[in-house]
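*Asks:* Sending over a structure as structure tokens; questions will come in a sec.
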Amino acid sequence: MSWRRLFRRAKQDEESARDIQFYFDTETGDNIARGMPPAEAREAANRKFGNRIFIREEIYRMNSAIYLETIWQDVLYALRTMRKNPAFALTAVLTLALGIGGNTALFSVIRAVLLKPLEYRDPDRLVRLSLDNPLKNVQDMSLTLVHFEEIKAAARSFTGLGAFLRSADTVTLSGGGEPEAVKGARVSANFLDILGMQPILGRSFLLEEEAPAGSPVAMISSGLWKRRFGGDPQVGGKTATLNSMPYTIIGVLPPGFAFPFAGVDVWMTKPSEWSALAPRFWPYVTSLVGFGRLKPQVSLEQARAELSVLHSKYILDHPERVDAQAGIVLRMVWWKDQIVGNVRPMLWMLFGAVGFVLLIACANVASLLLARATSCSREFALRAALGAARGRLVRQLLAESMVLAVAGGTLGVLLASWSLSAIARVDALNLPGAGKIQLDGMVMGFTVALSIATGVLFGLFPSLQVSRPDLIDVLRESGVGAGRGSSRRGAFGFSMRGLLVVGQVALSIILLIGAVLLMKSFVRLNSVDPGFRSANLLTMKIALPPARYDTGQKKARFFEDLVGRVEILPGVRGAAAVMSLPTMALLQTNVDVEGQPPLEPREQPSYQFQSITPAYFRTMGIPLRRGREFTARDNSLGAPPIVIINESFARRFWPAYPTGLDPVGQHMGEGVDKIKSAEIVGIVADVHERGLAFNAAPEFYVPYVIHPPQTAYLAVRTERDPLRLSNAIRNQVQAIDRDQPVSDVKTMDEVLEATVGQRRLTMLLLGAFALVALLLAVVGIYGVIAYSVAQRTQELGIRRALGAQQGDILRLVLGQGLGPTLVGVVIGIGGAFGLTRVMEAQLFHVSATDPVTFVGVALLFAGVALLASFIPARRAARIDPMAVLRDG
């Protein structure tokens with residue numbers, strides 16, 4: 001044999017090429033001491049051949065090239081195998097694509113929303129200031145202007161402090177086209193300096209422009225600049241009519257700029273000037289949210305300590321203020337935490353759920369691979385007997401799993417791309433930074449890493465199991481028993497496939513319990529009576545410009561005229577104006593009920609109130625419990641002040657209600673309109689003003705003429721589809737004032753849906769993940785039982801021949817399927833007991849450890865597992881013993 005031929009043989013056998021050196025005679029080609037350590041082999045070769053020896057230096061230097069060539073051969077072999085078994089390959093790829101695609105989509109969302117830093121300079125130094133009242137379980141309340149200014153003057157932990165009006169203002173943009181209602185924000189003049197941002201055109205605000213007599217100036221968004229001004233680069237210095245007043249445009253902010261709210265088109269100074277209230281209330285109403293930038297050397301705890309001292313001083317100096325009540329504390333958090341605080345638990349919960357789905361998919365594919373590889377165990381045993389190393393067998397099986405993982409990952413990316421485009425269209429999620437969600441390089445790297453890890457995860461265990469055959473047992477088998485592998489058992493006495501089923505069942509139980517808890521929560525939330533009838537109810541927002549409607553009489557006349565015009569439109573059954581719709585922002589004020597013990601001003605309770613036109617209760621479908629509604633006479637100037645209260649208000653001040661002293665006819669005062677004594681003329685049913693998830697609170701109503709708001713909502717009850725009347729109503733608005741736009745045109749059903757949309761979507765997503773997990777687990781259970789029946793056909797035939805009845809075989813096989821299922825159910829319930837606690841914020845009147853849900857899901861899964869085991873069990877019970885013995 002020539003040395004060249006020997007070298008080619010070595011190259012083909014990479015196991016030898018990795019750790020063996022060849023020493024042979026150049027003339028005879030005799031190999032010396034194959035497999036011996038290099039030093040001993042060299043000495044043996046010298047003894048035999050002397051100077052004629054030709055030593056081929058360590059062939060393992062060629063190992064890299066040989067290794068790559070071998071991998072390529074394994075990949076080709078895997079592709080040929082998949083082509084011969086398309087059903088197996090397609091099932092595995094689709095299963096993996098669901099898991100990898102879901103993880104990729106959610107990672108894209110989490111990266112854009114939670115992981116990416118804010119697009120400001122040093123965003124980790126930005127903080128947000130508000131108030132909490134732990135005694136009343138109220139969080140994130142606003143500051144008064146007086147409170148904020150005292151903090152700003154004394155605080156030393158910040159490079160800059162600013163404030164913004166808590167609620168977005170609806171600003172009327174008129175002139176140069178159709179009137180348009182745009183979203184406006186009132187901010188401190190230094191807000192861009194604090195954020196470390198610059199406008200793309202023009203300049204920022206000047207400090208003198210924030211003074212009460214400062215020039216009316218505004219900055220606009222990039223979108224409004226392009227939409228309304230055609231992207232004019234000379235827009236700076238031009239005049240725009242905002243709220244019927246000329247404002248000078250001084251700058252254009254960058255695309256996507258979303259401070260302090262998303263969707264803002266106009267920024268103005270003087271944040272305390274809230275159009276919902278008269279100017280005399282601005283310094284004292286809690287309407288501001290503070291924000292600032294910490295100095296580099298100041299920690300969050302140090303700044304909190306300083307603000308706590310300043311807040312205590314404010315309470316001592318202003319004991320009468322509403323934000324100086326007992327129990328109120330100053331709250332400071334990182335700006336990023338505040339932005340994502342509402343969605344962070346939901347996103348991590350969904351990411352964990354889709355991670356569980358991927359693990360279940362891996363277990364399912366591993367079970368399929370194990371079954372297929374076990375059928376080839378005789379082949380592997382023969383190769384091992386002929387000298388093939390175990391690593392070589394493992395690598396071949398891993399190559400197949402990696403091919404499946406790569407194919408599943410590729411399809412998963414397409415699925416993720418489709419999912420992200422769907423997420424972008426879902427407004428109910430209300431995700432901050434949703435416009436930046438994309439499949440970028442980081443996400444693709446995550447997908448590649450996840451695909452590789454997935455391939456190793458579901459391919460490694462079957463590879464290790466099958467690549468270590470019992471050579472004697474396997475080679476001794478023949479006939480129908482050949483290639484069935486060993487009967488080794490793992491933990492709990494289960495085979496490897498049984499352990500995979502245990503894991504699938506446990507993870508599926510956790511997802512199912514979580515999904516059922518959310519479903520029960522959502523059903524209970526939807527069953528809450530909002531206190532009104534939302535069907536066939538159209539709503540729209542109308543913000544009157546303060547410059548044109550500068551008196552209460554003008555504002556009241558506008559809405560009285562509008563309601564009268566709308567009521568006579570064909571298809572309209574009722575119309576009314578109201579200060580705020582249910583689920584919208586509410587105003588609160590202090591009240592003083594006659595006959596109640598007098599309280600200090602700072603201790604007087606504050607309750608929500610509404611300003612309404614007559615027919616509001618009939619239009620909304622709010623039941624009248626006692627007394628009467630407002631009339632046109634009540635809503636006229638000079639009429640005696642009267643109020644209508646809800647039942648919660650009645651129970652608050654007359655605990656015996658509905659018995660005892662009748663609240664109707666009693667008197668009360670309220671602070672916002674400085675009414676000393678107003679007669680209570682009626683009691684209406686409670687309305688969940690803050691949303692279905694919040695309990696109804698004490699509330700009272702005043703005639704519109706008493707408190708005519710600058711911004712109000714029009715509610716219209718229709719006979720058919722409400723949206724069909726939107727244009728007709730808009731025409732009536734412009735018939736009164738051609739420069740007055742309307743905004744937020746929605747049905748009341750849409751308004752309510754916005755409050756529960758995120759809960760609904762979370763429930764649907766988790767339910768879908770749980771359903772996929774259940775199907776995969778059922779397939780896994782069925783596969784284990786079917787494989788076991790095929791493996792034990794001869795044994796079952798012998799049992800039948802020895803007298804076992806069909807019922808005996810049926811119970812035997814069903815017991816084998818229920819064993820890993822019950823173990824998985826127990827483990828899953830234990831895991832769910834701990835993990836479902838993170839869902840408490842998502843639940844409504846449902847305990848995170850609801851025993852009915854836990855027991856019900858366990859019984860349901862046991863029943864499904866029994867059904868999945870029944871089909872192969874019945875097949876086993878019908879085995880013909882004579883045919884089995886004849887074939888054996």
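*Asks:* Please verify whether segment 694-707 includes one or more residues that are outside any loop (DSSP other than H, G, I, E, B), among the aliphatic types (A, V, I, L, M) and at pLDDT 90 or above.
*Replies:* Initial filter on segment 694-707 (outside any loop (DSSP other than H, G, I, E, B)): 699-703.
Narrowing further to those that are among the aliphatic types (A, V, I, L, M): 702.
With at pLDDT 90 or above added as a condition, the list becomes 702.
Yes.
*Asks:* Moving on. For segment 248-265, which residues satisfy the criterion of being open to solvent by less than 30 Å² (accessible area, probe 1.4 Å) and within 18 Å of residue 214 (Cβ to Cβ)?
*Replies:* Passing the criteria: 249, 250, 251.
*Asks:* Could you grab me the full set of residues in segment 550-565 that are in contact with a helix residue (DSSP H, G or I) (Cβ under 7 Å, 6 or more places away or on another chain) and crowded, with 22+ Cβ neighbours inside 10 Å? Lay out the reasoning, then the answer.
*Replies:* Start the filter on segment 550-565 by keeping residues that are in contact with a helix residue (DSSP H, G or I) (Cβ under 7 Å, 6 or more places away or on another chain), which leaves 558, 561-562, 565.
Passing the criteria: only 562.
*Asks:* Of all residues being part of a loop (DSSP other than H, G, I, E, B) and basic (Lys, Arg) in segment 652-693, which is modelled with the lowest pLDDT? Just the residue, please. Reasoning before the result, please.
*Replies:* So in segment 652-693, the residues part of a loop (DSSP other than H, G, I, E, B) come out as 654-666, 671-674, 685-693.
Now narrow it down to the ones that are basic (Lys, Arg): 674, 690.
Numbers: 674: 76, 690: 86.
Step by step, filter segment 652-693, then rank; the result is 674.
*Asks:* Mind telling me which of the residues 665, 627, 691, 621 ends up being free of Cβ contacts under 8 Å to residues at least 40 places away in the same chain and small (Gly, Ala, Ser)?
*Replies:* Values: 627 fails: free of Cβ contacts under 8 Å to residues at least 40 places away in the same chain; 691 fails: free of Cβ contacts under 8 Å to residues at least 40 places away in the same chain; 621 fails: free of Cβ contacts under 8 Å to residues at least 40 places away in the same chain.
The conditions single out 665.
*Asks:* Right, here's the next one. Could you please tell me which pairs satisfy a Cβ distance under 7 Å, a separation of 6+ or placement on different chains, a first residue in segment 745-756 that is within 15 Å of residue 689 (Cα to Cα), and a second residue that is open to solvent by 60 Å² or more (accessible area, probe 1.4 Å)?
*Replies:* none
*Asks:* I would also like to ask the following. Of these, 751, 742, 756, which one is aliphatic (A, V, I, L, M), open to solvent by less than 50 Å² (accessible area, probe 1.4 Å) and under 30 Å from residue 637 (Cβ atoms)? Even if it seems obvious, please write down each step before you answer.
*Replies:* Values: 751 fails: under 30 Å from residue 637 (Cβ atoms); 756 fails: under 30 Å from residue 637 (Cβ atoms).
Exactly one residue qualifies, and that residue is 742.
*Asks:* Right, here's the next one. Say whether the condition of being surrounded by 20 or more Cβ atoms within 10 Å (Cβ to Cβ) and over 30 Å from residue 757 (Cβ atoms) is met by at least one residue in segment 683-694.
*Replies:* Scanning segment 683-694, I find at least one residue that is surrounded by 20 or more Cβ atoms within 10 Å (Cβ to Cβ) and over 30 Å from residue 757 (Cβ atoms), so the answer is yes.
*Asks:* Give segment 695-733 a look and list any residue that's buried (at least 17 other Cβ atoms within 10 Å of the Cβ) and of a type in the set (A, V, I, L, M), or say none.
*Replies:* Selection gives 696, 697, 702, 705, 706, 712, 714, 715, 716, 725, 729, 733.
*Asks:* Considering only segment 518-566, state which residues are in a loop (DSSP other than H, G, I, E, B) and of a type in the set (Gly, Ala, Ser).
*Replies:* Across segment 518-566, the qualifying residues are 527, 531, 534, 535, 547.
*Asks:* Continuing with this model, one more query. Among (1) in contact (Cβ under 8 Å) with a residue 12 or more places away in the chain; (2) open to solvent by 20 Å² or more (accessible area, probe 1.4 Å); (3) out of contact with any Ser or Thr (no Cβ under 7 Å at 6 or more places or on another chain), where does residue 218 come up short?
*Replies:* Tallying (1) in contact (Cβ under 8 Å) with a residue 12 or more places away in the chain; (2) open to solvent by 20 Å² or more (accessible area, probe 1.4 Å); (3) out of contact with any Ser or Thr (no Cβ under 7 Å at 6 or more places or on another chain), residue 218 fails exactly one: (2).
*Asks:* Here's a follow-up. Which one is most open to solvent (accessible area, probe 1.4 Å), of the residues in segment 114-145 that are in contact with a Phe, Trp or Tyr (Cβ under 7 Å, 6 or more places away or on another chain) and farther than 17 Å from residue 337 by Cα?
*Replies:* Filtering segment 114-145 for residues that are in contact with a Phe, Trp or Tyr (Cβ under 7 Å, 6 or more places away or on another chain) and farther than 17 Å from residue 337 by Cα, the one most open to solvent (accessible area, probe 1.4 Å) comes out as 145.
*Asks:* Consider residue 182 against the criteria (1) open to solvent by 10 Å² or more (accessible area, probe 1.4 Å); (2) part of a strand (DSSP E or B): it satisfies all of them except one. Which criterion is unmet?
*Replies:* If we test residue 182 against (1) open to solvent by 10 Å² or more (accessible area, probe 1.4 Å); (2) part of a strand (DSSP E or B), just (1) comes out false.
*Asks:* Another question about this same structure. Taking residue 736, is it more than 32 Å from the chain's Cα centre (by Cα) and surrounded by 20 or more Cβ atoms within 10 Å (Cβ to Cβ)?
*Replies:* It is false that residue 736 is more than 32 Å from the chain's Cα centre (by Cα) and surrounded by 20 or more Cβ atoms within 10 Å (Cβ to Cβ).
*Asks:* Six or more apart or on different chains, Cβ under 7 Å: which pairs go from a residue in segment 833-858 that's over 23 Å from residue 761 (Cα atoms) and free of Cβ contacts under 8 Å to residues at least 40 places away in the same chain to one that's surrounded by 13 or more Cβ atoms within 10 Å (Cβ to Cβ) and not acidic (Asp, Glu)? Could you list them?
*Replies:* 833/849
The values are calculated or read from the model by the stated rules, or taken from the named source; none is laboratory data. For clarity, every value in this text was computed on a predicted model and none was experimentally measured. Ideal geometry is used to build each Cβ from the backbone, glycine not excepted, and the neighbour counts take in all protein chains shown. Just so you know, the surface numbers come from the protein's heavy atoms only, side chains and all, with ligands and any DNA or RNA stripped out. Shrake-Rupley method; radii C 1.70, N 1.55, O 1.52, S 1.80 Å.
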